[in-house]
1. Quote the relative contact order of the chain in percent (integer), defining contacts as alpha-carbon pairs under 8 Å separated by 6+ residues.
2. Considering only DSSP states other than H, G, I, E and B, which trypsin sites (Lys or Arg not before Pro) in the stretch 9-48 qualify as loop sites with at most 15 other Cβ atoms within 10 Å?
3. For the residues Leu42, Leu6, what sequence is obtained by ranking on other C-beta atoms within 10 Å, fewest first?
Amino acid sequence: MGHPLLVATTARHLGDIYRKSGLSGQAESLLTEAIKLYRDNLDTKVLDLANALRPLALLLVSRGDTSAARPLLQEARVLYAAINVAAGVSECDAQLASG
């Protein structure tokens, strides 16, 4: 296996593509793996972790599993706020308000 952060980023992007394509099973496993790799690596950038949490939360919301999505959205929101990514904060706020 290659460098863990490269693998994580590849899994995150592919997972988001699968999510947008309606391939939720494949998307969930890739996004979950990306999050695990990001959490396990001290060199992970805050933005990368937030950008992995968000699509997994959106996937869960699309399945109606808002209770599982809520903590992911809350964590992503905190991370986006910490690095001043207003669009990420706004999206998380909107998702949290609707569910």
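Bear in mind that the values in this text are calculations on the coordinates, not laboratory data. Model, not experiment: these values are computed from the prediction. Glycine gets a Cβ as well: all are built from the backbone with ideal geometry, and neighbour counts include every protein chain shown.
1. After rounding, I find 21 percent.
2. Of the trypsin sites (Lys or Arg not before Pro), the ones in loops of the stretch 9-48 whose Cβ has at most 15 other Cβ atoms within 10 Å are Lys45.
3. Numbers: Leu42 4, Leu6 11.
Ordered by Cβ neighbours within 10 Å, fewest first: Leu42, Leu6.
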